[in-house]
Amino acid sequence: MTNEQLCAENPEWDMTKITGRSGVYSRHIAAVNETALDLAVVACRHLLSKNPDLLTTVDGLIMCTESEDYPLPPDGCVLHGLLGLREECFVTDINLACSGFVYGLALARGLVATGMCHNILLVTADTYSKKINPRDRSCRVLFGDGAAVTWLSDASGSGHVVDVLCATDGTGYDKFIVPAGGDRMRISADTAVEHEDDNGNWRSQQDIHMDGLGILTFATAKVPQQVKELLKRNQLTVSDIDLFLFHQASAVVLDSLTRLLRIPPGKVFTNLEQLGNTVSSSIPLALSDALGAHLIKPRSRILISGFGVGLSWASAILEM
């Protein structure tokens, strides 16, 4: 879905101003009956088709999504069955959004380090378009749907996770929230009623509610601090990192982080313009695109950082 299509649908929206702040020109939207799990299946089957031996050697599956098919069972279990993985497999879901890929890496790293797993699929998938009110321009212009799968193994000679830092501030849970749909507030006729906010955005209690300024303030306060701590404890500086890959939140957030950390712009990769904010998949999709553009070479040192819903944030150093 392009900005031109959004503008045709909403002629009253100032797309020039919106695009300047979001940095998004187009995004992919799942079909009406297509779920995050469907996208995950496609991603996994693509990986398995190129690595057929994986089907019988995968012994770990981590599913990261906030767009579950069912309240229960977990999507990870359903995905395991759809892929036909062996029964001797560690399977778990993590209900995280934009920090979820890095949290998943931390979990996978621990499972491999203890010898519990040898080949892990870290799957990220979200379809936020199904949680966004069509008349909420603050969210609709930002988010795209997508999925990714990352294969992590204990094979020697491959790239590795050098270090990970994870953090949480649960006091800010309401900065990004869908109020209705869980046991705290069941869906009803009342929760479907839409209301207009002071900025002209419409939402119901069943839609995403995002405090844009609150998220920006959180990201610019916490992420640079964590990145500096991660670099310091590994005796590294910004100049030692070959490429920075941040969660593709928005142009305003990415520009702010680049400036605050004094990173040369050429060292920060972004694919935000074409994909938008794909939530848990934004970092692995950016990694894939950076690899495809030959920006990551053998022995490259990459710093990734995800942040958002929770409030939750996590950063890692990778050597490829």
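The values are calculated or read from the model by the stated rules, or taken from the named source; none is laboratory data. Remember, it's a predicted structure, so these values are computed and weren't measured experimentally. Glycine gets a Cβ as well: all are built from the backbone with ideal geometry, and neighbour counts include every protein chain shown.
Taking the condition more than 21 Å from the chain's Cα centre (by Cα), hydrophobic (A, V, I, L, M, F, W, C) and in a helix (DSSP H, G or I), does Cys44 pass?
Judged against the criteria, Cys44 is not a match.
On the basis of being surrounded by fewer than 21 Cβ atoms within 10 Å (Cβ to Cβ), over 18 Å from the mean Cα position of the chain (by Cα) and at pLDDT 95 or above, does Leu295 make the cut?
No.
If you take the residues of the stretch 92-111 that are surrounded by 17 or more Cβ atoms within 10 Å (Cβ to Cβ) and assigned to a strand (DSSP E or B), which of them is nearest to the chain's Cα centre (by Cα)?
So, considering only residues that are surrounded by 17 or more Cβ atoms within 10 Å (Cβ to Cβ) and assigned to a strand (DSSP E or B), the one nearest to the chain's Cα centre (by Cα) is Ile94.
So Lys50 fits all but one of (1) buried (at least 18 other Cβ atoms within 10 Å of the Cβ); (2) within 28 Å of Ser153 (Cβ to Cβ); what number is the exception?
Against the list (1) buried (at least 18 other Cβ atoms within 10 Å of the Cβ); (2) within 28 Å of Ser153 (Cβ to Cβ), Lys50 comes up short only on (1).
Sort through Leu85, Leu72 and tell me the only one that's in a loop (DSSP other than H, G, I, E, B), over 16 Å from Leu39 (Cα atoms) and touching a helix residue (DSSP H, G or I) at 6+ places or on another chain (Cβ under 8 Å).
Criteria check complete, one pass: Leu85.
If we keep just the residues of the stretch 263-281 that are in contact with a Gly (Cβ under 8 Å, 6 or more places away or on another chain) and assigned to a helix (DSSP H, G or I), which is surrounded by the most Cβ atoms within 10 Å (Cβ to Cβ)?
Top of the filtered list is Ser280.
I'd like to know if the stretch 237-252 contains one or more residues that are within 17 Å of the chain's Cα centre (by Cα), of a type in the set (S, T, N, Q) and assigned by TED's automatic domain parsing to the domain that holds Gly310.
So far as the stretch 237-252 goes, yes, one or more of its residues are within 17 Å of the chain's Cα centre (by Cα), of a type in the set (S, T, N, Q) and assigned by TED's automatic domain parsing to the domain that holds Gly310.
With respect to the numbered conditions (1) over 20 Å from the mean Cα position of the chain (by Cα); (2) outside any helix (DSSP H, G or I); (3) small (Gly, Ala, Ser), which one is the sole condition not fulfilled by Ala8?
Of (1) over 20 Å from the mean Cα position of the chain (by Cα); (2) outside any helix (DSSP H, G or I); (3) small (Gly, Ala, Ser), only one is false for Ala8: (2).
Report, by residue number, each residue of the stretch 127-176 that is in contact with a Gly (Cβ under 7 Å, 6 or more places away or on another chain), surrounded by 21 or more Cβ atoms within 10 Å (Cβ to Cβ) and part of a strand (DSSP E or B).
Matches in the stretch 127-176: Phe143, Phe176.
Examine the stretch 248-256 for a residue that is buried (at least 21 other Cβ atoms within 10 Å of the Cβ), free of Cβ contacts under 8 Å to residues at least 40 places away in the same chain and of a type outside the set (Asp, Glu), and state whether such a residue exists.
yes
I'd like the full set of residues that are more than 18 Å from Ile302 (Cβ to Cβ) and either buried (at least 24 other Cβ atoms within 10 Å of the Cβ) or in contact (Cβ under 8 Å) with a residue 40 or more places away in the chain (or both), limited to the stretch 112-126.
Result: Val112, Met116, Cys117, His118, Asn119, Ile120, Leu121, Val123, Ala125, Asp126.
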